[in-house]
1. When you scan the stretch 202-225, how many residues do you find that are closer than 23 Å to Trp38 by Cβ and open to solvent by 40 Å² or more (accessible area, probe 1.4 Å)?
2. Does Pro245 meet the test of being modelled with pLDDT under 90, more than 30 Å from Ala53 (Cα to Cα) and open to solvent by 60 Å² or more (accessible area, probe 1.4 Å)?
3. Which is more than 21 Å from Ala222 (Cβ to Cβ), at pLDDT below 75 and in contact with a strand residue (DSSP E or B) (Cβ under 9 Å, 6 or more places away or on another chain), of Gly75, Gly61, Gly92?
4. Could you check the stretch 137-160 and list, in sequence order, the residues that are touching a Pro at 6+ places or on another chain (Cβ under 6 Å) and at pLDDT 90 or above?
5. Taking the conditions exactly as written (open to solvent by less than 10 Å² (accessible area, probe 1.4 Å), at pLDDT below 95 and touching a Lys or Arg at 6+ places or on another chain (Cβ under 9 Å)), does Pro109 satisfy them or not?
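The values are calculated or read from the model by the stated rules, or taken from the named source; none is laboratory data. In this text the structure is predicted, and so the values were computed from the model without any measurement. Here the Cβ positions follow ideal geometry from the backbone for every residue, glycine too, while neighbour counts run over all protein chains shown. Surface accessibility is based on the protein's heavy atoms, side chains included, excluding ligands, DNA and RNA. Shrake-Rupley method; radii C 1.70, N 1.55, O 1.52, S 1.80 Å.
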Amino acid sequence: MAAGIPRGVLDPDGRRAVVHDRHGTLIALDTETGTVLWRRGRRLRPCAVAGAAVVAVRLAGVPGGGPAEAHERDGPGPAGPVTAVVVDIEDGDERWESAPLRLPDWARPSLVDTPVFTLAAEVAAGGRAVVLRWAALDRYDGGAPPGPGSRAAAVRKASGAVRVDLSGPSPEVLPEAPGPVPEAVREAPDGAGPLPPDVLEAGRVGVRRVELAVRRGAAGDALVLRAVDPGAQAPAWEVVLDEGPRRAPLPPRP
């Protein structure tokens, strides 16, 4: 697996990461020590680090919930306007926010990729811009029959791309949208096979594995980000992203 960190993005040197909790608060971390450098904002999904800036999207109407809520199968319902936001990597201060991006009103964007919405980003123009690529799906989920047409007629698809220039809040819609972003494979980043049951995702920063995991407790559960060095018996560091009361176990993954 390529270098990366669950729930967030890395700077080019891999020394800092910006992740988010279930409310969309951005959390900047020192990847060596796990030290939290700052926490800022709400309803934000970090997309890329370019230069001294973090490019994120803000989702209106993202609900709260338990630690594993963002990993539910289809994400929330239509989230309302989605905007591009640029914040300073050093302190998390917001530089600017764009006008709403052009997404279908039926799209269901969320803070993480789901089967009905994916979002990817790539740094462009030598670090002066970021291209955001999205793909949305609206499918028939049962209930009343879809009508005279086939079930496939009840499925809508759309995709698009915008270029976010760090210098100002006017994203440029690109003329040719790419295809959907492929889904990630739930395997350990070192190729060691399936992840442990408590680990939802894993990435790699240098030789260190970084896991997004559920830590069970008597009073409640916590969603944690933890770094594990090769051959180590204990995490090098662990940061709590979300906490909540004990919930019923999630259904088995398909």
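1. The number of residues fulfilling the criteria is 1.
2. Yes; evaluated as a whole, the condition is true for this residue.
3. The match here is Gly75.
4. Within the stretch 137-160, Ala158 is the sole residue that qualifies.
5. yes
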